[in-house]
Amino acid sequence: MDDLEKWPEIYKAAAEKRRELVLQGPSVDKRISSDGGLSSVVYSLTLLNYLEVSQCPSLTEIHEDIQRLTNLQSLILCRNRLASMPNTVCKLKSLKVLDLSVNTLRVLPREITELRELNTLNVSCNNLELLPEGLSQCTKLSAINVSKNRITRLPSDFYSERLDLLSTLVASDNSIEQLSRDVHKLAALKVLDLSNNKLSEIPFDLSDCPKLKEVNFKGNKLSDKRLEKMVNGCQTKSILDYLRGKGRQVEDGGDVDRGRNTDKGKRQQQRKKKEKVAAEQEALEELNKMIVRVLHVSDGPAALEVKVSAEVKDVRPYLVCCVVRGMNLMPGNALKRFLMTQTKLHEDLCGRRTTATIASHDMQLVKTPLVYDVKSPTQLKIAPLGRKEMTAVELIRRLQLEADELRKQKKRQNVAGLHKYLQILQGKEFYPCLVDAEGHVISFPPITNSEKTKIKKKTKELFLEVTSAASLQTCKDVMDALIVKMAELNKFTAEHQEEAGSDDEECRPHELASSGETSSELIIQQVRTVDQDGNLKVVYPSKTDLSQVVSNLTVIW
């Protein structure tokens, strides 16, 4: 068997100039084992911005040619058996996410500190004893996970004002003996987990971290037994209040440890000012907070996949999908606002459906598995939104008549802008469609989706799809924008707490009464799009998605 037959995913990614590639599981591991490593062809895919090779115990090393993938933003190499990483990883200047968790690494290359765009580093579940000095140079780091290693101390330069974006540090299950008093310099720190280490003291300076909301020191034998008892049973606020009190006691007796004379009144004034600013910032953040939590494909017992037929390549080739939970459409005008937002995106970002098209479905009414396929205009039958079932030929004819009538009323020479998307299908031998497990067409892009899966106020779970003839990235950009808008709408609904509307005749009284949820968190379940042979085309969202700068949007992966 030649390399082309053995690694079809890699060659397909090269031929189609893909920007994402996922290789994982037993079948990939078997090929790695027989070849003595990963195919070298993967290092020629210079357009990739997302590469994942995971769950392959036979993968023990990555070749130094990884440096050729200079467009990589996410490199996921988890659950393998990597013993080392090449120092050429420093050439990946665009890298934002590096996941090397669950391997057998004993050391990280010092050159990793040259990754200036890095914001997420996960090296948990390895055999590391030290982290490289110089991590403070990675000034965009926001999350670090080094749990379940053999680390005895954090780098000397780690507690630095330069890491002013670092919000999460997880270093549990190590052998760390000391937490530096300079920890207060990590001004953005919100989550600190140092459970199951060898700490004997917790510096009172920790209470000066203005944004700290969650600490975990369980499993450490502290010399202060009262504090140890609090750590094992109390909430973060209680622990920080206790440490703050200890800090005041030190001030009263003279701050000997720091070797400087501190004016008590000045210290207290500065602390109060800090606390006031932090409280104001926290209140503002809480008010504006929007949370999107991503449920990974591997987290679900039955991963949702959409199979794409080869025939759509010449019609409308690009598709991304996902499932959204937590969208509260019941109160007041929540549903109307969502539909208007979708229409607005269609008019602007989607170029009145000529660039891309969005369809939203009630997931409870979607019969899986789904196939993205093509049908001839006479064979494609759908019950369009608000209409009875008809063929695509009939539907296009009716819409065209409506467009012509509107043009006459407006006294225009050209077709109305709202109906320009009708021209996309002119001359096409086949039309694209999304078909459910019962053979029903539930979506006919860019024209309409089906009345069968129409969302209503009581819809709790949405299946979203975006299609385009332009590019895969276009689909992703539109889906990103849609999810951000949904998060904003959900936040608005939660804040205003409108009464549940009754305009949906299918809403029952008990459903209306239970609609008073105030949580605005959205859960996005990943959906895989695969070809007819089951090879992955795209998974959405990946870690390179939802990365647009929205200051009050938190994405939890």
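Residues that are under 30 Å from S360 (Cα atoms), modelled with pLDDT under 90 and of a type in the set (V, I, T), at least 1 per element: which helices (runs of 4 or more DSSP H) completely within region 224-333 meet that?
Correct list: empty, since no element meets the threshold.
Can you give me the number of residues within region 50-96 that are among the hydroxyl-bearing types (S, T, Y), farther than 18 Å from S124 by Cβ and either in contact with a helix residue (DSSP H, G or I) (Cβ under 7 Å, 6 or more places away or on another chain) or without any contact (Cβ under 8 Å) to a residue 60 or more places away in the chain (or both)?
5
Suppose the filter is touching a residue at least 40 places away in the same chain (Cβ under 8 Å) and assigned to a loop (DSSP other than H, G, I, E, B); does S175 pass it?
no
Just need a number here: residues in region 360-376 that are assigned to a loop (DSSP other than H, G, I, E, B) and buried (at least 17 other Cβ atoms within 10 Å of the Cβ).
Number of matching residues: 1.
All but one of (1) acidic (D, E); (2) over 26 Å from P541 (Cβ atoms); (3) surrounded by 14 or more Cβ atoms within 10 Å (Cβ to Cβ) hold for E5, so report the exception by its number.
Going through (1) acidic (D, E); (2) over 26 Å from P541 (Cβ atoms); (3) surrounded by 14 or more Cβ atoms within 10 Å (Cβ to Cβ) one by one, E5 breaks only (3).
For every residue, the table says whether it meets (1) under 26 Å from D224 (Cα atoms); (2) surrounded by fewer than 18 Cβ atoms within 10 Å (Cβ to Cβ).
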| residue | (1), (2) |
| --- | --- |
| D99 | no, no |
| N127 | no, yes |
| P132 | no, yes |
| R162 | no, yes |
| L186 | yes, no |
| N196 | yes, no |
| L199 | yes, no |
| I202 | yes, no |
| L206 | yes, no |
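Looking at (1) within 22 Å of C56 (Cα to Cα); (2) in contact (Cβ under 8 Å) with a residue 40 or more places away in the chain; (3) among the polar types (S, T, N, Q); (4) open to solvent by 40 Å² or more (accessible area, probe 1.4 Å), find the lone condition where N122 falls short.
Single failed check for N122: (4).
Given (1) open to solvent by 20 Å² or more (accessible area, probe 1.4 Å); (2) under 20 Å from A310 (Cβ atoms), where does D477 come up short, assuming only one miss?
So the condition that D477 fails would be (2).
Which of the following residues is at pLDDT 90 or above, surrounded by fewer than 22 Cβ atoms within 10 Å (Cβ to Cβ) and touching an Asp or Glu at 6+ places or on another chain (Cβ under 6 Å): K456, K452?
Just a single option satisfies the conditions, and that option is K456.
Could you list, in sequence order, the residues of region 125-162 that are more than 22 Å from N196 (Cα to Cα) and either polar (S, T, N, Q) or not in a loop (DSSP other than H, G, I, E, B) (or both)?
Matches in region 125-162: L135, S136, Q137, T139, S142, S160.
Kindly provide the set of residues from region 10-29 that are among the hydrophobic types (A, V, I, L, M, F, W, C), in a helix (DSSP H, G or I) and in contact with a strand residue (DSSP E or B) (Cβ under 6 Å, 6 or more places away or on another chain), ordered by number.
Listed by number, the residues that qualify are A13, V28.
Please go through (1) modelled with pLDDT of 95 or more; (2) closer than 26 Å to A14 by Cα for L128 and return the number of the only condition it doesn't satisfy.
(2)
Taking region 358-387 as the region of interest, how many residues are more than 15 Å from I447 (Cβ to Cβ), over 25 Å from the mean Cα position of the chain (by Cα) and charged (D, E, K, R)?
Total meeting the criteria: 2.
Report yes if L165 is among the hydrophobic types (A, V, I, L, M, F, W, C), part of a loop (DSSP other than H, G, I, E, B) and either modelled with pLDDT of 95 or more or closer than 20 Å to K218 by Cβ (or both), otherwise no.
For L165, the condition - among the hydrophobic types (A, V, I, L, M, F, W, C), part of a loop (DSSP other than H, G, I, E, B) and either modelled with pLDDT of 95 or more or closer than 20 Å to K218 by Cβ (or both) - is not met.
Restricting the search to region 121-165, which residues are β-branched (V, I, T) and in contact with a Lys or Arg (Cβ under 7 Å, 6 or more places away or on another chain)?
Within region 121-165, T139 is the sole residue that qualifies.
The values are calculated or read from the model by the stated rules, or taken from the named source; none is laboratory data. Treat the numbers as computed from the prediction; the structure is a model and nothing was measured. Every residue, glycine as well, gets a Cβ built from its backbone with ideal geometry; the counts of neighbours run over all protein chains shown. Remember, those area values only see protein heavy atoms, side chains included, never the ligands or the DNA or RNA. Shrake-Rupley method; radii C 1.70, N 1.55, O 1.52, S 1.80 Å.
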